[in-house]
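First up is the structure itself, then whatever we jot down about it.
The values are calculated or read from the model by the stated rules, or taken from the named source; none is laboratory data. The shown structure was predicted, so the numbers you read here are calculated from the model rather than taken from an experiment. Cβ: placed from backbone, ideal geometry, glycine included. Neighbour counts: every protein chain shown. What goes into the accessible areas is simple: the full protein's heavy atoms, side chains included, and nothing from ligands, DNA or RNA. Shrake-Rupley method; radii C 1.70, N 1.55, O 1.52, S 1.80 Å.
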Amino acid sequence: EKEKKGLVKQDKLLINPNFRTSRLKDLYMRPSLGQKRLPGILEAHSNGFRYQTVRQDRVDILYNNIKHAIFQPCDNEMIMVLHFQLKNFILIAKRKVTDIQFYIEVGEMSADLMKGSNIRDRDDMYAEQKEREHKKKLKSGFKTFIERVESYTKDVEFDRPYRDLGFDGVPHKVNCLLQPTTNCLINVTEWPTFVCSLDEMGLGVVFFCMVGKFDL
């Protein structure tokens, strides 16, 4: 009951009859819906998302309750992420939550194939090619999903980070790469995540953090 204090009642999810064309499979969710990490399916419906695990645990996220929607591709990362920061918290596992993400693991980052005189080129090149194809297929699936969501509603527009403008920071005791997007400064790869609106922190702070990356 204490956790429910201040809870804003959400609208009912309107199921899209064609939702099977707008779904992503084998995604994990953070924070988890249960004690055990289980994969699930994220579906885009008429006014919101529904995520459901193989154990039938589910959570609904309405488009009009999303403050920031962020797509973190798997370039130089081991996971691909859809992250949502909410305007009003919802309860997950009886706890208040304003940051929710759905991610898929894309395997180990590509290693340098030419290490000294160790020649296993054929197997290594095949593995790297398969990994590139796998990432390309995942990116295409996420891109299609995002485009369909943005066609359903004007409440959600996905942001992407500018990795080239990233810099090291310590938002939660651990050093990580902070990256600006159009509207935020983020790290959604590590958990707990960090998402801060640029209009809340001031562009001057972001410029000061990034100035060391350029020869001004």
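Some notes on this structure:
- The number of residues in region 25-36 being open to solvent by 40 Å² or more (accessible area, probe 1.4 Å) and over 20 Å from Asn88 (Cβ atoms) comes to 6.
- Close contacts from region 76-99, counting a first residue that is within 15 Å of Tyr51 (Cα to Cα) and a second that is among the small types (Gly, Ala, Ser), with Cβ to Cβ under 7 Å and a gap of 6+ residues or different chains, come to Phe84/Ala69.
- Test: Pro39 is in contact (Cβ under 8 Å) with a residue 24 or more places away in the chain and either in contact with a strand residue (DSSP E or B) (Cβ under 7 Å, 6 or more places away or on another chain) or charged (D, E, K, R) (or both): no
- Among the residues listed as Lys143, Lys137, Lys154, the single one being modelled with pLDDT of 95 or more and open to solvent by 50 Å² or more (accessible area, probe 1.4 Å): Lys143
- Which numbered condition Ser22 fails, given (1) in contact with a strand residue (DSSP E or B) (Cβ under 9 Å, 6 or more places away or on another chain); (2) surrounded by fewer than 19 Cβ atoms within 10 Å (Cβ to Cβ): (2)
- Count of region 37-52 residues which are open to solvent by 10 Å² or more (accessible area, probe 1.4 Å) and in contact with a Leu (Cβ under 9 Å, 6 or more places away or on another chain): 7
- Criterion violated by Ile15 - all others in (1) part of a strand (DSSP E or B); (2) free of Cβ contacts under 8 Å to residues at least 60 places away in the same chain; (3) not acidic (Asp, Glu) satisfied: (1)
- So Arg58, is it surrounded by fewer than 16 Cβ atoms within 10 Å (Cβ to Cβ) and not β-branched (Val, Ile, Thr): yes
- Residues in region 156-200 that are in contact with a strand residue (DSSP E or B) (Cβ under 7 Å, 6 or more places away or on another chain) and of a type in the set (Val, Ile, Thr): Val156, Thr181, Thr182, Ile186, Val188, Thr189, Thr193, Val195.
- Exactly one residue among Asn64, Asn47 is under 19 Å from the mean Cα position of the chain (by Cα) and farther than 28 Å from Lys135 by Cα, and that residue is Asn64.
- In the set Asp11, Asp57, only one residue is under 21 Å from the mean Cα position of the chain (by Cα) and of a type in the set (Asp, Glu); that residue is Asp57.
- Hey, Glu190 at pLDDT 95 or above and either loosely packed, with under 15 Cβ neighbours inside 10 Å or farther than 25 Å from Ser32 by Cβ (or both) or not: no
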